[in-house]
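The values are calculated or read from the model by the stated rules, or taken from the named source; none is laboratory data. Keep in mind that this is a model prediction, so the values were computed, not measured. Cβ placement follows ideal geometry from the backbone for every residue including glycine, while neighbour counts extend to all protein chains displayed. Quick note on the areas: whole protein, heavy atoms, side chains included, nothing else; ligands and nucleic acids left out. Shrake-Rupley method; radii C 1.70, N 1.55, O 1.52, S 1.80 Å.
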Amino acid sequence: MSPISSPDGSSPPVRPANSPVGEPASGTGGPPPRPRPTTEPSAATRSADPSAGATGTKEHSADPSAGATDTSGHSTATVARSTDDDHSVAERATRDMAARFEDEKPGRVLSGPAGLLLTVAALAIGGLALWQVFRPLSQGSKYYLIIFLAGVLPLVFLAYPAGLRLPARLRARRHHTDRTAKNDSAARNDSAADLALPHPTSARPTATDWVLVALAVAACLYPVLPVWIGTGGGGYNAFLDRQGLLVPMDLVLGTVLLLLLLEACRRTTGWILPAVCLLFLGYGYYGGLLPQSWPVAHAGLDFSQLIDAFYNSDSGFYGTPLDVAASYIVLFTIYGAVLELSGAGRFFVELSAAAFRRSRTAAGRTAVASGFLLGTVSGSGAATTVSIGAVTWPLLRRAGYPPERAGGMLAAAGVGAILSPPTLGAAAFIIAEYLGVSYLQVLGWATVPTVLYYLGILLSVEIDARRSGVRPVVVDAGSPWRLLARFGYHFASLVAIIVFLAVGVSATRAVVFATILAVALSFLDRTHRLSPARLVTALVTGVRGVLAVTAVCAAAGIITATTTKTGLGPQAAALLIGGAEAATSDPTLVLLLTALLAAVALSLLGLAVPVTASFVIGWVIVGPALLDLGVTAPAAAMFVFYFAVLSEVSPPTALASVAAAAVTGGRLVPTMWQTLRYALPAYLIPIAFVITPAGLGLLGIGGVPRIAFAAVVTALSVAVLAVAAGGWLPGVGPAGVPERVLGALAGVTLLWLEPVPVIVGAVLAAVAATGVFIRRGSAGRAGRPRAGSSANLREEKL
């Protein structure tokens, strides 16, 4: 396979979903680094070794003359001098960049006893998760969740540093002390004390971390501890019998676990989610002091009632979100790690490049197709953005894409990873659990919107290529059929998941069987065969990938339990609907306004918290409002899911856009706006399947006529909106302001999937297209060069 090199000349790996990342280098708290301008190596600089697998790497010869020059005389000294150490540095740099722009923070690279402990514990957790699939624990699922959290939560404090910084005065004093210590051999004996200070770049757990590890083990295992501690303890059944009547020891350890989960969330995701949890906790405790005339007032809960709801109920720490993390997500992250180590990620990028290598828009199509294929195994927007950007940005730059436009394309394609079956984001598994449906049904609901999303991106790519005069780029890639024949087996496990689900196999067993298949097929490639050592690496990688998600899911129990105890969900729903009814009394408009208000609220919420937590909060607050207005449960759940996901491309945070700007070196704000333009269909399609019954066809619900009608009309809407946003009608020419305004109105009107609005939208679209034809004829008679022609090639000024 012909590898595609990254800007620095190496072959950057694709980071699997939530895989562990290397510790960031010193100074990573600053602005994102911009790639240094380098030229791409020619085809001759790359390995022709057929044994080089899907990652495009190879074993380099120790002979210094090997690969020094090629037949065309071009130097390949850079590639010849590449070593395994160089590749490791490039791999870690790519992973660090991906981690910096994800919802979770980079973790430590552990070695020594701490690393061995983490490896052993991760293997035990992975083994327990696999055991639970085929031989569930007889004590029930909650017992399993207690053991799972007891294994995972301590590892969070080992794998993620505290990241706290000393005040400036103390940092200066510490720096002075350190400088003095270097010249004083006696002071060196005290260096161990310095390790106890939390430091984000420390590769070794501190004394405080070990204390938190011990507390986490004690607080998590206390409910199943078969020993009486005063009036507390006594085993699992005794603990359950005390529900609603907790004794002091229960309250103490429940409080400790609450604080530990907040700290774990802070370490893995930042301060905002713990602050949101504390806000709900404060509402539960002080809500009884609010004026009872207020809609959100409640009778009030004392602290023991709150701890009981969190620690000893099915809606708290051990609720549905944690159940999803322990039952589904851990298995899918292991599966993603196995696929990555078997070379699937690199193969998908190579296949995308080969499929479009002779197209005028090869660079853009390669980026979009890579995002889609990587999304089938990733489920992480920012990481996918960095992975495809490191490989395809050189192609986009050679084609003449401005950095901001290329960054917007990469970010939109990367976020599609969370929307692409068969491995959607973590929230999709929560949907299946909340609604009591199979995961296959959720995949079915996501299929048509995913196709429409990528249709919009591809149309925007084609429009940009013609409007901005993008240059054709020769992509150095082999035949796609040859690649499929040699490495197409990477698709087998993905197809197997769908087949297993279709024949009634549970999602957990389906992914385990698919993982076994991927391991077996990896032996078809000598470079990426999963030997026992590499298989252990995949298991540890998968378990490490679920650490942050587990902390978030357990902490989400604070929100769900508080909402359940106080009745906040129905109260918030009444407020939302009341706001819409204050503007109009028409039921249809009330639904539309409620959907718009819900979309805004979810978008703002997603700016502050990770996607999983955003979905959980949105479902308990916004979901009841949509359900009260007659929206079906699948439509309401997918509505909340899509707007929770879109926080990754919504300014001012837009993590995927920030990651893309770091890769391309483009300006951040213009990159965000370009991302919005590419991702526009994703913002509008959820509203379409909420406001009209026919919109359920977009979720694959209803007969074939409804599904076909909804898909075709919405595809037309996506196409018209792409033309309006891009200012170009493919095959015709540029669109003026009047045509673009008409096109925007037509696209929005078509989303109202009823006969009259569809007819009106189609007429408006036809009028806009006619205007573009007339404009083209006028330009031809006037003898002016068409936009995008050789006389008018330029890069768009943003």
I'd like the residue in segment 483-509 that is in a helix (DSSP H, G or I) and free of Cβ contacts under 8 Å to residues at least 60 places away in the same chain and, out of all such residues, is surrounded by the fewest Cβ atoms within 10 Å (Cβ to Cβ). ALA485
With the checklist (1) open to solvent by 60 Å² or more (accessible area, probe 1.4 Å); (2) within 26 Å of the chain's Cα centre (by Cα) in hand, flag the one item ALA583 doesn't pass. (2)
How about segment 614-644: which of its residues are more than 21 Å from the chain's Cα centre (by Cα) and more than 15 Å from THR692 (Cβ to Cβ)? VAL620, ILE621, VAL622, GLY623, PRO624, ALA625, LEU627, ASP628, ALA633
Considering each residue of segment 685-707, count those that are of a type in the set (A, V, I, L, M, F, W, C) and open to solvent by 40 Å² or more (accessible area, probe 1.4 Å), and give that number. 3
Conditions (1) in a helix (DSSP H, G or I); (2) under 19 Å from the mean Cα position of the chain (by Cα): number failed by THR392: (2)
Taking segment 629-641 as the search range and keeping residues that are in a helix (DSSP H, G or I) and open to solvent by 10 Å² or more (accessible area, probe 1.4 Å), which one is nearest to TRP673 (Cα to Cα)? PRO634
Filtered residue count, segment 105-141, keeping only those that are modelled with pLDDT under 85, outside any helix (DSSP H, G or I) and open to solvent by 20 Å² or more (accessible area, probe 1.4 Å): 5
Within the set of pairs 6+ apart or on separate chains, which have a first residue in segment 683-710 that is more than 21 Å from LEU646 (Cα to Cα), a second that is among the small types (Gly, Ala, Ser) and outside any helix (DSSP H, G or I), and C-beta atoms under 7 Å apart? ILE707/GLY700
Is there any pair linking a residue in segment 116-141 that is free of Cβ contacts under 8 Å to residues at least 60 places away in the same chain and more than 25 Å from PHE157 (Cβ to Cβ) to one that is of a type in the set (Ser, Thr, Tyr) and surrounded by 12 or more Cβ atoms within 10 Å (Cβ to Cβ), with Cβ under 6 Å and at least six apart or on different chains, and which? LEU137/TYR143; LEU137/TYR144
Do we find a residue being buried (at least 19 other Cβ atoms within 10 Å of the Cβ), assigned to a loop (DSSP other than H, G, I, E, B), touching a residue at least 24 places away in the same chain (Cβ under 8 Å) and charged (D, E, K, R) anywhere in segment 458-469? no
Of the conditions (1) over 25 Å from the mean Cα position of the chain (by Cα); (2) surrounded by fewer than 14 Cβ atoms within 10 Å (Cβ to Cβ), TRP271 fails just one. Which one is it? (1)
With the checklist (1) touching a Gly at 6+ places or on another chain (Cβ under 6 Å); (2) open to solvent by 20 Å² or more (accessible area, probe 1.4 Å) in hand, flag the one item PRO681 doesn't pass. (2)
